[in-house]
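S.K.: Here it is, the structure, as structure tokens.
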Amino acid sequence: MDEIHLGELHLGDIDTVQLLTPEGSRLSDARYDAWVADVGDEQLLALYEDMVVIRRIDTEATALQRQGELGLWPPLLGQEAAQVGSGRALRRDDFVFSSYRENGVAYCRGADLTDLVRVWRGTTASGWDPYAINMATPQVIIGAQTLHATGYAIGVQNDGSDAVAVAYFGDGATSEGDVNEALIFAATYSAPVIFFCQNNQWAISEPVKLQAQRPVAERAPGFGIPSVRVDGNDVLAVMAVTRLALDRARGGGGPTFIEAVTYRMGPHTTADDPTRYRDASEVETWRAKDPIARLAAYLSERGLLTDERSEAVSAKADAVAAELRAGCIALPDPEPMAVFDHVYSTAHTGISRQRDHYSRYLRTFVGDDTTPSAALDQHDTLHQQDRKAS
Amino acid sequence: MTTLTMAKAINAGLRRSLASDDKVVLMGEDIGKLGGVYRVTDGLQSEFGERRVMDTPLAESGILGTAVGLAYRGFRPVCEIQFDGFIYPAFDQIVSQVARMHYRTRGAVKMPITIRVPFAGGIGAAEHHSDSPEAYFAHAAGLRVVSVADPQDAYTMIQQAIACDDPVLYFEPKRRYHVKGEVDELTPLDDARPMGTAKIVTSGSDVTLVAYGPLVQTAKDAAVAASDEGVSIEVIDLRSLAPVDFDTVVASVRKTGRLVVAHEAAQSGGLGAEVSASITERCFYYLEHAPVRVTGHDIPYPPAKLEQYHVPDLDRILDGVDRVMDRPNSLTGVED
């Protein structure tokens, strides 16, 4: 064996799974082709439509923020394939725990369009009922949801179900203690959970090199969890690796870690200015790997994406965007007494007293039309119920 | 009636909850074969299995974070934090996730998580093993915080905490673990004293003395000692720290006109400050003297050989009583 000099030590580059090249050519991969063998022409076109619609949602929401209708929006521009490829691989009874950037996944889960923007308009702390679409409300604290997914997966095991929990998080989250603790717990209990890391290269202004000196996917094996690195801009490859991981989990094989290598084309959120920290040339390099363009090229090459079909997809995207905009603008401001709702699930004397005081205070304004009396009447009803409960 | 130590009483309560609801799961470090470092979970894993009583990796945020996921799935996790000072790594999951999930999801997701914390000092332990962190959690909306002082409450309230659809911090005064008391195991949970209420443990007419957890016994001892000097103390075991049952304290102070609050935790921003302020707001014209707090100092919990100078004892509490009674003592006239 040759003498190894530490400076030249190679830990071995991990393969990146790819089934569609950036130019739109289909690659053959003996390990993964079988996992998407059933994906026919219509399903490919449906994946294309999903990505176009999601990009249109993202563009529309960004515009709504610029127009002052939303306080903030976290764009997913460029990450459509990672979200659609994985999101469309899931079963109805699987459960997703995501960060705030997985609006594409939420769309795949069937989230109501208006529910995507409630939080960012500031009318509620979350958009949807998690049990209605089997997706937890988006997590803001970085990486916290990976533990929630792991705990849910342990619960799935206890229930004897073959559902799977999926945690979505970014490359920045891999630095958090919670993600590392989640990997330990998942491995310890062989929990049916998928860790889906969208490595979009940037955590606000911090490049992935500040988080990881080696490919993120290399970490999981150290925890005893198999991992795979996939071209996150290749919707077919993402679907293949996600299906493999789901199959492992359902069969009792335990957790899998997926690193989807992708790129956040826009800012971290609409409050951010990426031109301060990254070169335009880098963005251009990634633009050539655009997930939608490559599937479009493949579909066009095969004569599937006709002008007529393309126009139909555009029309659908426009209709969805119009519905999103209308739903957003029509959202009513919440009533003042709603600040007290749902802090506890059972009567709580401390909150009851403060609610009562605030209601009395608001009533001192009744008559000058600044307080909706309906809200106070509703509050009185709730308060009576609360008193009975306690 | 059965005679049990507090540790055995909690164990019996946990056993009953595990037996009555198969969604109850216990999780924590060393709680399985070892039965917990204080043996509170002794025998439960062998009785209910490793899926119901889970030994976890040594990661407090991991314990609480996975409990959140289990609660999402419909389970009722009971997390043991091995020692008070070890809860801080889990603080984010508790206050950012456990406490807020019901509010965040507008009631769609319940977090019926019980967090058991052996707390406070008096056992000569090493650093990080004697903290009183209850005020951090009493300050966080969405959490309920209780502390037990005797085996009967320990037995009942652990079951009430587990049955509660809200998350509950359940603080166990570790120096009381081995003190025995009578426990009624037959009264149905619904008929027992509600978890969120305070309890008058000694009736009196001159001074209201509020305490909880480890200091309730010291307060009762103070009442006996004071009565020898002709001062009648009403001792209230607060039991619930969030919400505080102010109505019980108000009724007592309107009778006595004087309030002393005693706790082992540091003074600033503590429960004593909350009780004093709220009672002053509600009983100002009934008070004969400003409320007085007798508490731990605003210091990290000291080394074992110094803890006797930190934890309020009988004499310090009586000193507080003297102050509200305007009786001459070492601190009379001190304006702090």
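S.K.: Hey, could you grab the Kirkwood Rh for region B:140-297? Inverse mean 1/r over distinct alpha carbon pairs, Å, one decimal. Walk me through the intermediate numbers first.
M.R.: Details: mean 1/r = 0.0624 Å⁻¹.
About 16.0 Å, per the Kirkwood formula over Cα pairs.
S.K.: Please compute the average number of Cβ atoms from other chains found within 10 Å of each residue's Cβ in peptide A:348-359. Write down the numbers at each step before the final one.
M.R.: Numbers: counts 7, 8, 11, 3, 1, 4, 0, 0, 0, 0, 0, 0.
That works out to 3 on average.
S.K.: With no solvent and one point on each alpha carbon, what is the Debye value of log10 I(q)/I(0) for the protein assembly as shown at q = 0.05, 0.08, 0.09 Å⁻¹?
M.R.: -0.31, -0.73, -0.88
S.K.: Please list the three semi-axes, largest first and in whole Å, of the ellipsoid equivalent to chain A, using sqrt of 5 times the eigenvalues of its alpha carbon gyration tensor.
M.R.: Numbers: eigenvalues 326, 140, 86 Å².
Each semi-axis is √(5λ); the values are 40, 26, 21 Å.
S.K.: Going by average Cβ neighbours within 10 Å, how do the peptides A:269-280, B:102-113 rank, with the highest at the top? Present the calculation step by step, with values, prior to reporting the outcome.
M.R.: Working: A:269-280: 12.8, B:102-113: 21.2.
Descending packing order for the listed peptides: B:102-113, A:269-280.
S.K.: Could you work out [θ]222 nm for the protein assembly as shown from helices alone, using -39500 (n - 2.57) per DSSP H run of at least four and dividing by all its residues? Round to the nearest 500 deg cm²/dmol. Could you put the intermediate results ahead of the total?
M.R.: Numbers: 24 runs with 277 residues, N = 726.
Estimated from H runs of four or more residues: -11500 deg cm²/dmol.
S.K.: Determine the total buried accessible area between chain B and chain A, counting protein heavy atoms only with a 1.4 Å probe; round to the nearest 100 Å². If you can, show how the numbers build up before the last one.
M.R.: Working: alone 14620 and 18480 Å², together 29430 Å².
Chain pair B/A: roughly 3700 Å² of buried accessible area.
S.K.: So for region A:244-290, what are the equivalent ellipsoid semi-axes in whole Å, largest first, each being the square root of 5 times an eigenvalue of the Cα gyration tensor? List each step's numbers first, then the result.
M.R.: Working: eigenvalues 243, 36, 11 Å².
Semi-axes (√(5λ), whole Å): 35, 13, 7.
S.K.: Taking each pair of distinct Cα atoms in region A:1-144 once, what is the resulting Kirkwood hydrodynamic radius in Å?
M.R.: Numbers: mean 1/r = 0.0563 Å⁻¹.
For region A:1-144, inverting the mean 1/r across all distinct Cα pairs yields 17.8 Å.
S.K.: Right, next: What distance in nm separates the simple spin-label points at B:L186 and B:S203, each placed 7 Å from Cα in the Cβ direction?
M.R.: Rounded to a tenth, the inter-label distance reads 2.6 nm.
S.K.: So what does log10 I(q)/I(0) come out to for region A:185-332 at q = 0.13 Å⁻¹, using the Debye formula with one equal point on every Cα and no solvent?
M.R.: Treating every Cα as an identical point scatterer, log10 I(q)/I(0) equals -0.86.
S.K.: Apply the Karplus curve 6.51 cos²θ - 1.76 cosθ + 1.60, θ = phi - 60°, to the phi angles in region B:55-60 and return the couplings in whole Hz, x for Gly and Pro.
M.R.: These are the phi-based 3J(HN,Hα) values: 6, 10, x, 7, 8, 5 Hz.
S.K.: Got a sec? Charge dipole of the protein assembly as shown, +1 on Cβ for Lys and Arg, -1 for Asp and Glu; which of B:L186, B:F119, A:T21 is way out at the positive end?
M.R.: Most positive-ward Cα: B:L186.
S.K.: Same structure again: If you add up the charges near B:V324, with Lys and Arg at +1 and Asp and Glu at -1, over every other residue whose beta carbon is less than 13 angstrom from its beta carbon, what do you get? Don't skip to the end; give the middle numbers.
M.R.: Values: positive: B:R258, B:R293, B:R323, B:R327; negative: B:D206, B:E234, B:E288, B:D319, B:D322, B:D326.
Net charge around B:V324: -2.
S.K.: Also, quick follow-up: Round to the nearest 0.05 the FRET efficiency obtained for A:R66 and A:A132 when R0 = 51 Å and r is the Cβ-Cβ distance. Please list the in-between numbers first.
M.R.: On the way: r = 30 Å, r/R0 = 0.59.
E(calc), rounded to 0.05, equals 0.95.
S.K.: Let me ask another. In the full protein assembly as shown, how much of B:F284 is accessible to a 1.4 Å probe, in Å² to the nearest 10?
M.R.: 120 Å²
S.K.: In addition: Cβ under 14 Å from B:V168's Cβ, B:V168 left aside: what net charge do those residues give with Lys, Arg +1 and Asp, Glu -1?
M.R.: Working: positive: B:R76, B:K110, B:R116, B:R144, B:R239; negative: B:E80, B:E134, B:D153, B:D165, B:D166, B:E172.
Local charge sum for B:V168: -1.
S.K.: Averaged across the residues of B:92-105, what count of C-beta atoms belonging to other chains lies within 10 Å of each residue's C-beta? Mind showing how you got there, number by number?
M.R.: Numbers: counts 5, 6, 0, 0, 4, 7, 0, 2, 3, 7, 5, 9, 11, 11.
What the average comes to for B:92-105 is 5.
S.K.: Another question, then. In debye to the nearest 20, how big a dipole does region A:1-150 give about its Cα centre with +1 on each Lys and Arg Cβ and -1 on each Asp and Glu Cβ? Walk me through the numbers before you get to the answer.
M.R.: Values: 12 positive and 23 negative charges, 169 e Å.
With Lys and Arg at +1 and Asp and Glu at -1, about 800 debye.
S.K.: Could I ask something else about it? Where does each of A:242-250, A:259-267 land if you order them by average Cβ count within 10 Å, highest first?
M.R.: Working: A:242-250: 21.4, A:259-267: 24.3.
The peptides rank, most packed first, as A:259-267, A:242-250.
S.K.: Counting only C-alpha contacts under 8 Å and six or more residues apart, can you give the relative contact order of region B:132-235 as a whole percent? Provide the component values of the computation, followed by the final result.
M.R.: Details: 130 pairs, mean separation 27.6, N = 104.
The normalised contact order for region B:132-235 reaches 27 percent.
S.K.: Relative contact order for chain A: what is it in percent, counting Cα pairs under 8 Å that are at least 6 residues apart?
M.R.: 22 percent
S.K.: Write down the Kirkwood hydrodynamic radius of region B:102-154, to one decimal in angstroms, obtained as one divided by the mean of 1/r over all alpha carbon pairs. It would help to have the intermediate numbers written out before the result.
M.R.: Details: mean 1/r = 0.0733 Å⁻¹.
Taking every pair of different Cα atoms in region B:102-154, averaging 1/r and inverting gives 13.6 Å.
S.K.: So for the pair B:D298, A:D318, with labels modelled 7 Å out along Cα→Cβ, what separation do we get in nm?
M.R.: Roughly 6.6 nm, to one decimal.
S.K.: Wrap a convex hull around the Cα atoms of region A:280-356, take a quarter of its surface area, and give that in square nanometres. Intermediate results must be reported in sequence, preceding the final value.
M.R.: Values: hull surface 43.8 nm².
Mean shadow area of the hull around the Cα atoms is 10.9 nm².
S.K.: Per residue and in Å³, how big is the convex hull formed by the alpha-carbon atoms of region B:73-118?
M.R.: On the way: hull volume 3.1 nm³, N = 46.
Cα convex hull per residue, to the nearest whole number: 67 Å³.
S.K.: For region B:48-80 and region B:267-336, what is the centre-to-centre distance using only Cα atoms, to the nearest Å?
M.R.: One Cα centre to the other: 39 Å.
S.K.: Just to check I understand the Karplus step: with θ = phi - 60° and J = 6.51 cos²θ - 1.76 cosθ + 1.60, what whole-Hz values come out for region A:232-238, glycine and proline as x?
M.R.: With the stated coefficients, region A:232-238 comes to x, 9, 10, 4, 5, 5, 5 Hz.
S.K.: Convex hull over the Cα atoms of region A:121-222, averaged projected area in nm²?
M.R.: The number I arrive at for region A:121-222 is 7.7 nm².
The values are calculated or read from the model by the stated rules, or taken from the named source; none is laboratory data. Everything numeric in this text was worked out from a predicted model, so none of it was measured. Because the Cβ atoms are built from the backbone with ideal geometry, glycine has one as well, and the counts that use them run over all protein chains shown. For the accessible areas, the whole protein counts, side chains as well, though only heavy atoms, and no ligand, DNA or RNA atoms are used. Shrake-Rupley method; radii C 1.70, N 1.55, O 1.52, S 1.80 Å.
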